[in-house]
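S.K.: The structure's right below; bear with me while I get my questions together.
The values are calculated or read from the model by the stated rules, or taken from the named source; none is laboratory data. Note that the structure is predicted; figures quoted are calculated from it, not measured. Here the Cβ positions follow ideal geometry from the backbone for every residue, glycine too, while neighbour counts run over all protein chains shown.
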Amino acid sequence: MSNSDQQLEDILQQDYQHGFVSDVESETIPKGLNEDVVRLISAKKNEPEFLLEWRLKAFRHWLTMTEPNWANVYHPPIDYQDISYYSAPKDKKDGPKSLDEVDPELLATYEKLGIPLKEQEMLAGVAVDAVFDSVSVATTFKDKLAEQGIIFCSFSEAVQEHPELIEQYLGSVVPYTDNFFAALNSAVFSDGSFCYIPKGVRCPMELSTYFRINAASTGQFERTLVVAEPGSYVSYLEGCTAPMRDENQLHAAVVELIALEDAHIKYSTVQNWYPGDKDGKGGIYNFVTKRGDCRGNNSKISWTQVETGSAITWKYPSVILRGDNSVGEFYSVALTNNRQQADTGTKMYHIGKNTRSTIIAKGISAGYSQNSYRGLVKVAKSAEHARNFTQCDSLLMGDKCGAHTFPYIENKNASAQVEHEATTSKISDDQLFYLQQRGIATEDAVSMIVNGFCKQVLKELPMEFAVEAQKLLGISLEGSVG
Amino acid sequence: MLNVKNLHAKVEDKHILKGIELNVKPGEVHAIMGPNGSGKSTFANVLAGRDSYTVTEGLIEFEGQDMTERAPEERARDGVFLAFQYPVEIPGVNNIYLLKAALNAKRKQQGLPEVDAFDFLQLVKGKMQELKMDETMLYRDVNTGFSGGEKKRNEMLQMAILEPKLAILDETDSGLDIDALKIVSEGINALRSSERAIVLVTHYQRLLDYVKPDVVHVLSNGKIIKSGGSELAQQLEQSGYSWITDEVA
Ligand SMILES: Nc1ncnc2c1ncn2[C@@H]1O[C@H](COP(=O)(O)OP(=O)(O)OP(=O)(O)O)[C@@H](O)[C@H]1O
Ligand SMILES: [Mg+2]
């Protein structure tokens with residue numbers, strides 16, 4: 001191993017900065033999963049009958065399924081009976097009316113995570129629906145949004161206030177039969193966010209949700225649903241980070257996006273769940289199903305993700321290009337270090353005519369990590385003149401990590417154009433030395449090179465998120481180079 | 001300013017520098033010439049602290065301090081600048097962003113605040129005019145897609161902004177057209193002062209016509225085998241190296 005590989009590794013060995021445990025008392029139901037648990041969750045949330053029925057169908061279907069094993073990731077078997085499927089902060093019943101009513105300890109926790117809710121309210125113009133464990137504890141800017149008919153609230157609240165919308169759209173993009181983790185989520189999902197943009201409305205601010213995992217061995221099963229009516233626009237930000245934990249924690253979220261005619265949904269994620277320690281102990285299993293449906297003509301869905309956390313990431317934000325001329329985009333940075341494993345990518349299903357998709361995926365692997373891009377571009381017979389462009393770049397730091405690319409193309413229409421480009425490079429000694437010679441500290445040099453490598457993706461993020469993401473990339477590689 | 005004593009260095013078990021002695025005083029310009037593969041770039045890299053090269057013997061003193069073990073970024077902030085023979089491309093990193101980060105790193109070391117954005121832009125634009133560089137280069141990725149000559153000029157821009165105490169220029173003249181050579185030479189001369197020292201690695205007399213060296217050294221097989229005045233360079237231009245290398249052998 002060369003000298004600089006050694007330095008690289010030293011920088012990578014930096015402890016997770018957001019690791020700590022918050023002390024808010026949780027109301028947790030006993031471990032285990034059966035129909036009674038599903039009924040209990042539904043009852044605790046005072047859900048309408050249709051939702052309970054849907055959960056039960058999902059649960060029964062889940063029982064017939066087995067965990068997928070095709071991804072390039074390895075972990076000990078998960079005992080689904082050893083997980084508690086519901087927990088809520090204690091002060092939930094009274095429900096805080098404003099941030100002042102929120103548990104100060106909780107606020108302090110967010111503060112440490114660099115999520116100053118109060119400042120955000122004043123400065124950034126971002127509406128925050130903060131999910132702590134499974135129940136929303138703070139929602140801001142709601143009134144302002146309501147003036148334009150925009151609904152942005154916790155999923156539970158939407159179930160109470162707008163059951164007809166939930167019934168119409170829930171599971172319409174990701175049916176509970178879709179995959180093992182989606183079925184599980186459908187049966188036991190705890191909370192999440194709901195967002196509805198009425199016809200012709202351009203949402204005046206970025207909508208954002210911060211997720212965290214807290215109570216020990218409590219799985220997190222978030223459910224997000226975004227509906228954009230014809231001609232509307234919304235930019236949705238999702239960011240998460242988690243406290244240091246010794247046990248593996250399962251996170252199986254489902255996100256469904258629906259874009260009707262001429263609507264545009266931009267969905268950005270910065271994911272920084274606890275990745276485990278440097279030997280791979282602990283860390284989140286992040287098994288997420290994210291899918292958008294360009295249901296109307298000329299609609300557009302853009303996924304942008306920066307994935308730096310989790311012990312295991314299994315995630316393929318996809319777009320169904322159903323409407324004619326609809327556009328799907330996927331911009332991704334996946335960074336893995338130490339023993340992290342990521343198997344992530346996208347699927348673009350071209351169904352409508354003149355549909356277009358763009359995939360830009362950047363993988364950065366360091367330490368002993370394994371980083372796989374897995375993508376599917378499927379062009380149906382009906383998709384006249386569909387076009388796809390895929391670019392997949394891998395950057396390796398050190399010589400013990402792995403980068404893999406699994407691009408799949410299924411093209412049933414001769415008029416379609418599908419292009420794929422892929423590169424793999426090592427962070428070069430020459431680049432590092434060049435920057436050091438200009439007075440840049442090694443860690444900053446690594447951060448600069450990596451951010452440069454990811455620029456195409458980072459520039460797709462909303463400004464304040466891009467800054468956060470850049471820092472995160474630097475932090476995630478600290479202690480790793482030289 | 002720079003005092004190199006019995007410097008030996010190896011890379012991947014290959015012994016390349018075999019006892020270099022060099023003493024450069026403030027205000028001086030030294031030229032280092034020598035056959036391909038003799039160790040000139042290695043020497044330049046070792047002076048700048050590249051860690052893939054290991055110093056096995058000897059030491060490097062800069063301004064009276066032993067800097068043999070100092071990290072490359074520290075040397076840079078102390079005022080050691082290396083213009084690379086082959087400047088590397090850094091995709092996605094803005095040229096002006098790097099320039100500013102480099103200048104601020106140095107200012108921080110000196111206890112100065114970060115440079116004001118407006119002042120900085122004025123400064124950079126002024127220097128670019130002197131180097132006859134197109135301003136659009138500022139917003140391109142560092143060296144990415146630059147022509148050979150553009151890369152060399154970009155190195156000179158960085159040097160002009162950083163105002164090093166010791167500038168080591170590794171074949172900055174190679175690959176420059178005739179006009180560019182003149183412009184770059186003016187840039188080097190503009191930096192000449194009684195507080196600064198310049199080490200020029202070159203193969204050609206032409207640069208030395210513009211930037212007149214105080215001392216010329218011949219490096220061969222990892223050692224300085226001959227030193228002289230600027231007339232030595234002219235002699236080399238006419239007769240090549242064999243007469244000296246034979247003399248030594
Ligand atoms: N990383 C390396 N691994 C192995 N050999 C190396 C390495 N770097 C340099 N060398 C060898 O060391 C010797 C000196 O190289 P160096 O680049 O210093 O020569 P130079 O004098 O600058 O030559 P030129 O005039 O062609 O630029 C050469 O034989 C070269 O092949
Ligand atoms: Mg050389």
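S.K.: Any idea how many residues of the stretch A:467-482 are outside any loop (DSSP other than H, G, I, E, B) and either away from chain B (no Cβ under 13 Å) or touching an Asp or Glu at 6+ places or on another chain (Cβ under 8 Å) (or both)?
M.R.: Qualifying residue count for the region: 9.
S.K.: Now, a different point. Can you pull out the residues in the stretch B:24-43 that are surrounded by fewer than 14 Cβ atoms within 10 Å (Cβ to Cβ) and in a strand (DSSP E or B)?
M.R.: Passing the criteria: none in range.
S.K.: If the requirement is being away from ligand 2 (no atom under 16 Å from the Cβ) and in contact (Cβ under 8 Å) with a residue 12 or more places away in the chain, which of these qualifies: B:Val11, B:Val93?
M.R.: Within the list B:Val11, B:Val93, the selection yields B:Val93.
S.K.: Then there is this: Counting only residues that are among the hydroxyl-bearing types (Ser, Thr, Tyr) and either at pLDDT 95 or above or over 13 Å from the mean Cα position of the chain (by Cα) (or both), give me the strands (runs of 3 or more DSSP E) lying completely in the stretch A:291-376 with at least 1 of them.
M.R.: It comes to A:300-307, A:318-321, A:327-336, A:341-350, A:356-365.
S.K.: Would you mind finding the one in B:Lys5, B:Lys14, B:Lys18 that is within 9 Å of ligand 1 (Cβ to nearest atom), among the charged types (D, E, K, R) and farther than 15 Å from B:Pro72 by Cα?
M.R.: Answer to the selection: B:Lys14.
S.K.: I would also like to ask the following. Taking the conditions exactly as written (in contact (Cβ under 8 Å) with a residue 60 or more places away in the chain and surrounded by 20 or more Cβ atoms within 10 Å (Cβ to Cβ)), does A:Leu435 satisfy them or not?
M.R.: Judged against the criteria, A:Leu435 is not a match.
S.K.: Every residue in the stretch B:171-198 that is within 16 Å of ligand 2 (Cβ to nearest atom) and out of contact with any Leu (no Cβ under 7 Å at 6 or more places or on another chain), please.
M.R.: Hits for the stretch B:171-198 are B:Glu171, B:Thr172, B:Ser174, B:Gly175, B:Leu176.
S.K.: Of all residues in the stretch B:118-172 being over 14 Å from B:Ile198 (Cα atoms), in a loop (DSSP other than H, G, I, E, B) and within 18 Å of the chain's Cα centre (by Cα), which is farthest from the other protein chains (Cβ to nearest Cβ)?
M.R.: B:Leu131
S.K.: Residues of the stretch A:391-433 being more than 14 Å from chain B (Cβ to nearest Cβ) and not in a strand (DSSP E or B), which ones?
M.R.: Result: A:Met397, A:Gly398, A:Asp399, A:Lys400, A:Cys401, A:Lys412, A:Asn413, A:Ala414, A:Ser415, A:Ala416.
S.K.: Ok, one more. Kindly provide the set of residues from the stretch A:434-456 that are more than 7 Å from chain B (Cβ to nearest Cβ), closer than 15 Å to A:Leu335 by Cα and among the small types (Gly, Ala, Ser), ordered by number.
M.R.: A:Ser447, the sole residue that qualifies.
S.K.: Output the residue which, of all residues in the stretch B:57-80 that are acidic (Asp, Glu) and more than 11 Å from chain A (Cβ to nearest Cβ), is farthest from B:Met1 (Cα to Cα).
M.R.: This residue is B:Glu57.
S.K.: Right, something else. Of all residues in the stretch B:25-58, which are within 15 Å of ligand 1 (Cβ to nearest atom) and of a type in the set (D, E, K, R)?
M.R.: Result: B:Lys40, B:Arg50, B:Asp51.
S.K.: Before we move on, is B:Pro35 in contact (Cβ under 8 Å) with a residue 12 or more places away in the chain, within 14 Å of chain A (Cβ to nearest Cβ) and within 16 Å of ligand 2 (Cβ to nearest atom)?
M.R.: No, not satisfied.
S.K.: Right, something else. Report whether or not A:Lys381 is farther than 19 Å from A:Thr313 by Cα, surrounded by fewer than 24 Cβ atoms within 10 Å (Cβ to Cβ) and either hydroxyl-bearing (Ser, Thr, Tyr) or within 14 Å of chain B (Cβ to nearest Cβ) (or both).
M.R.: no
S.K.: Could you identify the single residue in B:Glu74, B:Glu61 that is under 20 Å from the mean Cα position of the chain (by Cα), away from ligand 1 (no atom under 15 Å from the Cβ), among the charged types (D, E, K, R) and not in a helix (DSSP H, G or I)?
M.R.: B:Glu61
S.K.: In the stretch A:438-459, what residues are surrounded by 22 or more Cβ atoms within 10 Å (Cβ to Cβ) and in a loop (DSSP other than H, G, I, E, B)?
M.R.: Within the stretch A:438-459, A:Arg438, A:Gly439, A:Ile440, A:Cys454 qualify.
S.K.: Under 8 Å between Cβ atoms, at least 6 apart or on separate chains: pull out the pairs that start in the stretch B:50-65 with a residue that is within 16 Å of ligand 2 (Cβ to nearest atom) and end on any residue that is of a type in the set (Ser, Thr, Tyr).
M.R.: Filtered contacts from the stretch B:50-65: B:Ser52/A:Ser2; B:Ser52/A:Ser4; B:Tyr53/B:Thr42.
S.K.: Of the conditions (1) surrounded by fewer than 22 Cβ atoms within 10 Å (Cβ to Cβ); (2) within 16 Å of ligand 2 (Cβ to nearest atom); (3) assigned to a loop (DSSP other than H, G, I, E, B), B:Ile16 fails just one. Which one is it?
M.R.: (3)
S.K.: Right, something else. Quick check on the stretch B:209-232. Is at least one of its residues in contact (Cβ under 8 Å) with a residue 24 or more places away in the chain, surrounded by 20 or more Cβ atoms within 10 Å (Cβ to Cβ), of a type outside the set (Phe, Trp, Tyr) and part of a helix (DSSP H, G or I)?
M.R.: no
S.K.: Here is a further query. Hey, can you tell me all the residues within the stretch B:177-208 that are crowded, with 20+ Cβ neighbours inside 10 Å, away from ligand 1 (no atom under 13 Å from the Cβ) and in a loop (DSSP other than H, G, I, E, B)?
M.R.: If the condition is that a residue be crowded, with 20+ Cβ neighbours inside 10 Å, away from ligand 1 (no atom under 13 Å from the Cβ) and in a loop (DSSP other than H, G, I, E, B), then no residue fits.
S.K.: Of all the residues that make up the stretch A:282-320, how many are without any contact (Cβ under 8 Å) to a residue 40 or more places away in the chain, over 30 Å from A:Ser232 (Cα atoms) and crowded, with 24+ Cβ neighbours inside 10 Å?
M.R.: Adding up the residues that qualify gives 1.
S.K.: Would you point out which residue out of B:Ile198, B:Ile178 is free of Cβ contacts under 8 Å to residues at least 12 places away in the same chain and of a type outside the set (Lys, Arg)?
M.R.: Checking each option against the conditions leaves just B:Ile178.
S.K.: While we're on this one: What residue, among those in the stretch B:81-115 that are facing chain A (nearest Cβ under 8 Å) and β-branched (Val, Ile, Thr), is farthest from ligand 1 (Cβ to nearest atom)?
M.R.: Filtering the stretch B:81-115 for residues that are facing chain A (nearest Cβ under 8 Å) and β-branched (Val, Ile, Thr), the one farthest from ligand 1 (Cβ to nearest atom) comes out as B:Val93.
S.K.: Let me ask another. Hey, among the residues in the stretch A:215-237 that are of a type outside the set (Gly, Ala, Ser) and at pLDDT below 85, which one's surrounded by the fewest Cβ atoms within 10 Å (Cβ to Cβ)?
M.R.: Going through the qualifying residues, I end up with A:Thr218.
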